[in-house]
1. If you go through the stretch 55-72 one residue at a time, do you hit one that is surrounded by 13 or more Cβ atoms within 10 Å (Cβ to Cβ), under 24 Å from Met1 (Cβ atoms) and without any contact (Cβ under 8 Å) to a residue 40 or more places away in the chain?
2. So which residues in the stretch 67-104 are more than 15 Å from Leu16 (Cβ to Cβ), in contact with a helix residue (DSSP H, G or I) (Cβ under 6 Å, 6 or more places away or on another chain) and aromatic (Phe, Trp, Tyr), if there are any at all?
3. Does the stretch 82-95 contain at least one residue that is over 13 Å from the mean Cα position of the chain (by Cα), exposed (fewer than 13 other Cβ atoms within 10 Å of the Cβ) and of a type in the set (Val, Ile, Thr)?
4. I need every pair where a residue in the stretch 77-106 that is assigned to a helix (DSSP H, G or I) has its Cβ under 7 Å from the Cβ of a residue that is charged (D, E, K, R), sequence separation at least 6 or different chains.
5. Which of the residues spanning the stretch 96-106 are surrounded by 11 or more Cβ atoms within 10 Å (Cβ to Cβ) and acidic (Asp, Glu)?
6. Residues of the stretch 1-20 being assigned to a strand (DSSP E or B) and surrounded by fewer than 19 Cβ atoms within 10 Å (Cβ to Cβ), which ones?
7. In the stretch 21-49, what count of residues is obtained for those that are in a helix (DSSP H, G or I) and surrounded by 15 or more Cβ atoms within 10 Å (Cβ to Cβ)?
8. If you check every pair at least six apart or on different chains, which have Cβ atoms under 6 Å apart with a residue in the stretch 17-44 that is basic (Lys, Arg) first and a residue that is surrounded by fewer than 21 Cβ atoms within 10 Å (Cβ to Cβ) and outside any strand (DSSP E or B) second?
Amino acid sequence: MKNILFICSRNRWRSLTAETIFKSYPNVYIKSAGTEDTARIKINSKLIKWADLILVMEKKHKEKLCQKFPIEIVKKELFVLDIEDNYKYMDEELIEELKTSVIGKF
């Protein structure tokens, strides 16, 4: 089993959609979080340590993780998906973009 963490800004649309659509995939555990103080679930050290793979929506999310959690992030597999904040939760285009971006990552 692989622990996969999706991260966006507020954990309301992009990363939450990713958690929802990928949580039923076999051999993975999925969680999501956000980098902002107003996030539904705010990223923390414990979540980063839990994750085998971290998938962030934008480069700015990776930068925030590297600033706030430099020790925890060092040996983590981390990818930027380049999915901008243009979608609502479970938007069909977002789902397609997530599936396309994530293929081969887990």
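1. Checked against the condition, which is being surrounded by 13 or more Cβ atoms within 10 Å (Cβ to Cβ), under 24 Å from Met1 (Cβ atoms) and without any contact (Cβ under 8 Å) to a residue 40 or more places away in the chain, the stretch 55-72 yields at least one hit.
2. Phe69
3. Looking through the stretch 82-95, none of the residues is over 13 Å from the mean Cα position of the chain (by Cα), exposed (fewer than 13 other Cβ atoms within 10 Å of the Cβ) and of a type in the set (Val, Ile, Thr).
4. Filtered contacts from the stretch 77-106: Leu94/Arg14.
5. The answer is Glu97, and nothing else.
6. Of everything in the stretch 1-20, those that are assigned to a strand (DSSP E or B) and surrounded by fewer than 19 Cβ atoms within 10 Å (Cβ to Cβ) turn out to be Lys2, Asn3.
7. Total satisfying the criteria: 4.
8. Here the result reads Arg40/Arg12, each pair linking the stretch 17-44 to a residue that is surrounded by fewer than 21 Cβ atoms within 10 Å (Cβ to Cβ) and outside any strand (DSSP E or B).
Here, each number is a calculation from the coordinates, and none is a lab measurement. Computed from a predicted model, the values in this text were never measured in an experiment. All Cβ positions, even for glycine, are placed from backbone atoms using ideal geometry, and neighbour counts span all protein chains on display.
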